[in-house]
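Here's the structure we're looking at; comments come further down.
All of the numbers you see were taken from the coordinates with simple rules; none came from a lab. It should be emphasised that the depicted structure is a prediction, and the values quoted were computed from it without experimental measurement. A quick note on method: Cβ atoms are made from the backbone with ideal geometry, for glycine too, and the neighbour counts reach across all protein chains shown.
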Amino acid sequence: MDIFRFRINKIYLLSQIVPWEYLPGREEYFDAFHQEFPREWRWIKERARKVVHDEDKGIFIVDTPDDIPRCSAEVKRFFVSVLRTKEFKMIVKETQESLFKVKKEWEKNQRRALVEFCDIVRLPLDPSCATVLITHPALPNGRNYPSQNAIGWTYRKDWKNYNTVYLMHEFLHLQTDGRFKREEVMHAIVELATDNELKIRLGGTGSYFEDGHSGLRKLEKKIYPFWKKYLQKNKENLIQFNRRMEKFV
Ligand SMILES: [Zn+2]
């Protein structure tokens, strides 16, 4: 069963690139952008993510700037111009290499990852395929867009199975969206399930609390003794466990 569809969407990629003054290691591309679009780049910097990201509706996954809803002709023209530059074409090419690497890691791991994931969360897998929008490797990205059933991701290799573990982290956010009352409790449980338990099971080594958001660490440590029992007892699924923890911690 395929749970991910890996894609590059140039408009989404551009919307993630434009807010940056420079990307590390790609200064020459940005020098060219600043030279070619001296005023526009500065002007759009603050607004670019909002162009494709609506607070309520999530992102717009469209194929051409013309299809972006509620977007001024000026912004559309700017997007079209940047898409045509040789620097942006290089960015797309480098992103394609990332897509290939993420896909390769995922294809190698997916069978085991899904078995372990299902064993940990005990929820039926959502049969609809999530779209994974790959962005440039110099660009930190790891987000989820539940209304579009999409994930924004960048290839990284901080440790073994890094992409697999964090894709499952974002996937679990999609699966649990709207099924909790306290976001921070759910997020802590998502991290216990993926950044910790799944990572250790896949890698065959490691210990808890090496990764994840430092702001959630305290809460995770509080939930941890109950989490260990949850894993042993096999009585609840992740949503039921979360409901119990929401009242408790
Ligand atoms: Zn998260």
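Assigning unit charges at the beta carbon (Lys, Arg +1; Asp, Glu -1) and nothing else, what dipole magnitude in debye, to the nearest 20, does the chain show about its Cα centre?
So the dipole magnitude of the chain works out to roughly 740 debye.
I need the shape label for the chain. Rule: rounded when a/c is under 1.5, else prolate if a/b > b/c, else oblate, with a, b, c from the alpha carbon gyration tensor.
On the way: a/c = 2.22, a/b = 1.92, b/c = 1.15.
Note, shape of the chain comes out prolate.
With θ set to phi - 60°, apply the Karplus curve 6.51 cos²θ - 1.76 cosθ + 1.60 along the range 26-36 and write out the HN-Hα couplings as whole Hz, x wherever there is a Gly or Pro.
10, 4, 5, 5, 6, 4, 5, 4, 5, 6, 7
Where Lys and Arg each count +1 and Asp and Glu each count -1, what net charge lies around Lys93 among other residues with Cβ under 11 Å from its Cβ?
Working: positive: Lys86, Lys89; negative: Glu87, Glu94, Glu97.
Here the charged neighbours net out to -1.
Return the subset of Lys160/Lys233; Lys10/Lys86; Lys199/Lys221; Lys104/Lys157; Lys108/Lys157 for which the Cα-Cα distance in this structure is over 19 Å, preserving the input order.
Where the Cα-Cα span goes over 19 Å, the pairs concerned are Lys160/Lys233.
Among Pro140, Asn161, Pro124, which residue has its Cα furthest toward the positive end of the charge dipole of the range 4-177, with +1 on Lys/Arg Cβ and -1 on Asp/Glu Cβ?
About the Cα centre, the residue reaching furthest to the positive side is Asn161.
By the gyration tensor of its Cα atoms, with a ≥ b ≥ c the square roots of the eigenvalues, what is the shape of the range 154-225: rounded for a/c under 1.5, prolate for a/b over b/c, or oblate?
The shape class here is oblate.
Going by how many other Cβ atoms sit within 10 Å of their own, how do Asp56, Asp119, Asp195, Asp211 line up, fewest first?
Least crowded to most crowded, the residues run Asp56, Asp119, Asp211, Asp195.
By a straight-distance test (C-alpha under 18 Å), which aspartates and glutamates pair with Lys93 as possible cross-link partners, with residues fewer than eight away in the same chain excluded?
Counting by Cα, and skipping residues close in sequence, Lys93 has these aspartates and glutamates nearby: Glu27, Glu28, Asp63.
Among rounded, prolate and oblate, which fits the range 198-249 when a ≥ b ≥ c are the square roots of the eigenvalues of its C-alpha gyration tensor, a/c under 1.5 means rounded, and a/b larger than b/c means prolate?
It is oblate, given that a/c is not under 1.5 and a/b is not larger than b/c.
Give the relative contact order (percent, whole number) for the range 4-177; include only Cα pairs under 8 Å separated by 6+ residues.
27
Can you give the net charge of the other residues whose Cβ lies under 9 Å from the Cβ of Arg201, counting K and R as +1 and D and E as -1?
Neighbour charge sum, excluding Arg201 itself: -1.
Residue-wise, which Karplus ³J(HN,Hα) couplings in Hz belong to the range 120-125, taking 6.51 cos²θ - 1.76 cosθ + 1.60, θ = phi - 60°, and x for glycine or proline?
7, 8, 6, 10, x, 5
What are the residues whose amide H is under 5 Å from the amide H of Phe6, where those residues sit 5 or more places off or on another chain and H is modelled from the backbone?
It is Val132, by chain and number.
How big is the gap, in Å, between the Cα center of the range 55-106 and the Cα center of the range 164-241?
Cα centres, the range 55-106 to the range 164-241: 32 Å.
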